[in-house]
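> So that we are looking at the same thing, I have put the structure below in structure tokens.
Please treat every number below as a calculation from the coordinates, not as lab data. These figures come from a predicted structure and were not determined experimentally. Methodologically, a virtual Cβ is constructed for each residue, glycine included, from the backbone with ideal geometry; neighbour enumeration extends over all protein chains shown.
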Amino acid sequence: MTQSCPAWFQTAIATPFESHQLDHQGIRLHYRTWGNPNLPGLLLVHGGGAHAHWWTFLAPLLMQQYYVVALDLSGHGESDHRPHYAISTFATDALAVSQNAGFKSAPIFVGHSMGGLVSLAAAATHGELLKGAIIVDSPVRKQDPESREGQYGRSFRSAKVYPTLEEALKRFRLVPNQPCENSYIIDHIAKTSLKQVENGWTWKFDPNIFVNYTREPLAEFLPRVTCRIAMMRGEFSTVVPPETGRFMYENLNRSAPLIEIPQAHHHLILDQPLAFIAALRAVLADWEHSDPRQSTTHRKN
């Protein structure tokens, strides 16, 4: 690694997890679990083109209080590919894993970027199955960065095979591109984003994710959310600027706090992982010890 790993990170990625799979709509979905299944449940949902390993250095920091599950959405990681994709389709993936994982009660979904939109869709369509949803730097009102890049750029369209792992790792970049001082996290993400094939190494994601992709009117999900919901954004995020956060807040009936993570861009779980965990723990602790506001199920006058 190009940067020395702090002890917390080394301990986290060395923490054992279990791998599982299920058949859903004729495809295989893969997910990982940490901790005691008798504890309250958290389902972690990655962004577009990403995978469950984006959470493997964070999940162990939550497992003392929660049974933590991180899935590979269809077309990502170790899950099977589909002929067509949409946010609502990914939401059915997340709900299927949630039901298969053995949660003892309704879980909380935590989703980053496109994964936040997936969590929002699940909360809007099946809120009775969730205790809550936390949306992490996910834009409603404009296109999410992964699908935009996939449709108009080349980031998710290249199925190129690299002859060596080292050459492939040099090609890895964040979408949208941004600085990140934690190179040890970037190294971890890059290495777990690749798979070995006959002639070398290539990316795990389906290169057609955002080619065979249907855009949906995501703003329509906001007033339909019936479970608890909270939002986070990076201080320097251009994906969820303050005005987008205000739009979402208003359309969630002013019942969803918007928490800003300092010194963070869009990929705030990589930029400021411990600040993110602290903020997440605070929200979860409040939800464990307070009653939901009744107004979350009704539009304001």
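> Just to confirm the number: angle between the C-alpha axis of helix 87-100 and the first principal axis of the chain, 0 to 90 degrees, nearest 10?
80
> I've got another one for you. Calculate how steeply helix 242-251 sits against the longest principal axis of the alpha-carbon atoms of the chain, using the helix alpha-carbon long axis, and give the answer as 0 to 90 degrees to the nearest 10.
Roughly 50 degrees between the two axes.
> Based on Cβ point charges of +1 for Lys and Arg and -1 for Asp and Glu, what charge dipole magnitude is obtained for segment 7-297 about its Cα centre, in debye rounded to the nearest 20?
In total the dipole reaches around 280 debye.
> Taking the highest mean first, how do the peptides 210-216, 286-292, 41-47, 27-33 order by number of other beta carbon atoms within 10 angstrom per residue?
Output ranking for 210-216, 286-292, 41-47, 27-33: 41-47, 27-33, 210-216, 286-292.
> Going by alpha carbons, how many degrees (0 to 90, nearest 10) lie between the helix axis of 114-125 and the longest principal axis of the chain?
That works out to roughly 40 degrees.
> If you wrap a convex hull around the alpha carbons of the chain, what volume per residue comes out, as a whole number of Å³?
Normalising the Cα hull of the chain by residue number yields 123 Å³.
> Pull out the extension gain between Ala275 and Thr238, defined as 0.36 nm times the separation in residues minus the alpha carbon to alpha carbon distance; nm, one decimal.
Length gained between Ala275 and Thr238: 11.4 nm.
> Would you check the chain for Lys pairs whose C-alpha atoms are within less than 21 Å, ignoring same-chain pairs closer than 8 in sequence, and give me the count?
Number of lysine pairs found: 10.
> Net charge near Glu260, counting Lys/Arg +1 and Asp/Glu -1 over other residues with Cβ under 15 Å of its Cβ?
-2
> Would you mind counting up the charge near Tyr162? Only other residues with Cβ under 12 Å from its Cβ, with Lys and Arg at +1 and Asp and Glu at -1. Write down the numbers at each step before the final one.
Details: positive: Lys160, Lys170, Arg171, Lys195; negative: Glu166, Glu167.
Summing Lys/Arg as +1 and Asp/Glu as -1 gives +2.
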